[in-house]
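J.: Following this message is one structure expressed as structure tokens.
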Amino acid sequence: MFRSVARSAAGKNLLRRGYATAVPERKVAVLGAAGGIGQPLALLMKLNPLVSQLALYDIANTPGVAADVSHINSRSEVAGYVGEEQLGKALEGCDVVIIPAGVPRKPGMTRDDLFNINAGIVKGLCSAIAKYCPNALVNMISNPVNSTVPIAAEVFKKAGTYDEKKLFGVTTLDVVRAKTFYAGKAKVNVADVNVPVVGGHAGITILPLFSQATPKANLPEEDIKALTKRTQDGGTEVVEAKAGKGSATLSMAYAGAIFADACLKGLNGVPDVVECSFVQSTVTELPFFASKVRLGKNGVEEVLGAGEPQTRT
């Protein structure tokens, strides 16, 4: 049944992360599924053997994406939904809702420039989530995450459905980039690398903790500074490389799929599932902060601190 997953590089990586042989029924919705992030994310979620139902929603073009993805011989059944009148049907019974909806960054734009547009989109989607699947885990990808997560929290509070354990800002791409860049500089196998990333999900708020990176490499301070800046500017690097024709869509879809997979494993009772995420937190005086989070059957089981740096030798 999982042969198609095992044949794909993404699927192999997801399978290596551990599953039970008998898994519960789980419905996942992707809101913004026809977009640049949404389409590859839909593909990756179709490959995930933990997903039994995959609901793909957007304001246009979703039937084609759903038809295309549905032909893949993996576990989940796929349905496409278009427009606000079908949003409720897409959300009913969802365990996890992933939101990549919104406009992408273009050259010269900061994440703050996206706020006025994407804030309204997120508000509308979260109002529907509060109505149709208030107990779902919400994975926020729409930028600026530093702002869209607090907006979502306020929408849920107004609806009386807010649960701080079930709202996540997806900062996994910062971790993915930090791992990749560190492995290249340290000349170690990237599959063995772990780098926690704390703070936020925009520019200098992104704080990769290379002092806690494993395996330890004892890189000089100038290399650490360069790696930190490249991680912080990773989104801009892609926007500029695409010359106005897109932002980080493929790598973001991969990161989104990794985090959604972690949420599903937590829901299914897999122990010791830890990922970095932008969540309500008391790690600092800020109401929301990205750090390591232990995931479980209720979403956030524990918000972990920033940790201690390794001593240099």
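J.: Does any residue in segment 265-285 that is under 12 Å from L304 (Cα atoms) come within less than 6 Å, Cβ to Cβ, of a residue that is among the aliphatic types (A, V, I, L, M) and open to solvent by 20 Å² or more (accessible area, probe 1.4 Å) six or more places away or on a different chain, and which pairs are these?
T.: S281/V303
J.: Can I ask one more? Please go through segment 270-300 and give me each residue that is open to solvent by less than 40 Å² (accessible area, probe 1.4 Å) and either farther than 20 Å from L41 by Cα or assigned to a helix (DSSP H, G or I) (or both), ordered by number.
T.: If we filter segment 270-300 for residues that are open to solvent by less than 40 Å² (accessible area, probe 1.4 Å), which is where we start, we get 273, 275-279, 281, 288-291, 293, 295-296, 299-300.
Within segment 270-300, V273, V279, S281, F288, F289, A290, S291, V293, L295, G296, G299, V300 qualify.
J.: Taking into account only those residues within segment 239-253 that are over 17 Å from L173 (Cα atoms) and touching a residue at least 24 places away in the same chain (Cβ under 8 Å), which is most open to solvent (accessible area, probe 1.4 Å)?
T.: Across segment 239-253, the extreme among qualifying residues is E240.
J.: On the given criteria, is Q86 surrounded by fewer than 22 Cβ atoms within 10 Å (Cβ to Cβ), out of contact with any helix residue (DSSP H, G or I) (no Cβ under 6 Å at 6 or more places or on another chain) and free of Cβ contacts under 8 Å to residues at least 40 places away in the same chain?
T.: Numbers: surrounded by fewer than 22 Cβ atoms within 10 Å (Cβ to Cβ): yes; out of contact with any helix residue (DSSP H, G or I) (no Cβ under 6 Å at 6 or more places or on another chain): yes; free of Cβ contacts under 8 Å to residues at least 40 places away in the same chain: yes.
So Q86 passes the test.
J.: With the requirement that a residue be aliphatic (A, V, I, L, M) and in a helix (DSSP H, G or I), what does segment 80-127 give you? Spell out the reasoning first.
T.: To start, the set of residues in segment 80-127 that are aliphatic (A, V, I, L, M) comprises 82, 87, 90-91, 96-99, 101, 103, 109, 114, 117, 119, 121-122, 125.
Across segment 80-127, the qualifying residues are L87, A90, L91, L114, I117, A119, I121, V122, L125.
J.: Counting only residues that are closer than 21 Å to M45 by Cβ and out of contact with any Gly (no Cβ under 8 Å at 6 or more places or on another chain), which one in segment 124-157 is surrounded by the fewest Cβ atoms within 10 Å (Cβ to Cβ)?
T.: Here the residue is N135.
J.: Being of a type in the set (G, A, S), farther than 30 Å from S127 by Cβ and modelled with pLDDT of 95 or more: is that true of S74 here?
T.: Working: of a type in the set (G, A, S): yes; farther than 30 Å from S127 by Cβ: yes; modelled with pLDDT of 95 or more: yes.
Yes; evaluated as a whole, the condition is true for this residue.
J.: Okay, moving on. Looking only at residues in segment 65-79 that are assigned to a helix (DSSP H, G or I) and touching a strand residue (DSSP E or B) at 6+ places or on another chain (Cβ under 8 Å), which one is surrounded by the fewest Cβ atoms within 10 Å (Cβ to Cβ)?
T.: Ranking the candidates gives A67 first.
The values are calculated or read from the model by the stated rules, or taken from the named source; none is laboratory data. Computed from a predicted structure; not experimentally measured. For neighbour counting, all protein chains shown are included, and Cβ atoms are generated from backbone atoms with ideal geometry for every residue, glycine included. Only protein heavy atoms, including side chains, enter the accessible area calculation; ligands, DNA and RNA are left aside. Shrake-Rupley method; radii C 1.70, N 1.55, O 1.52, S 1.80 Å.
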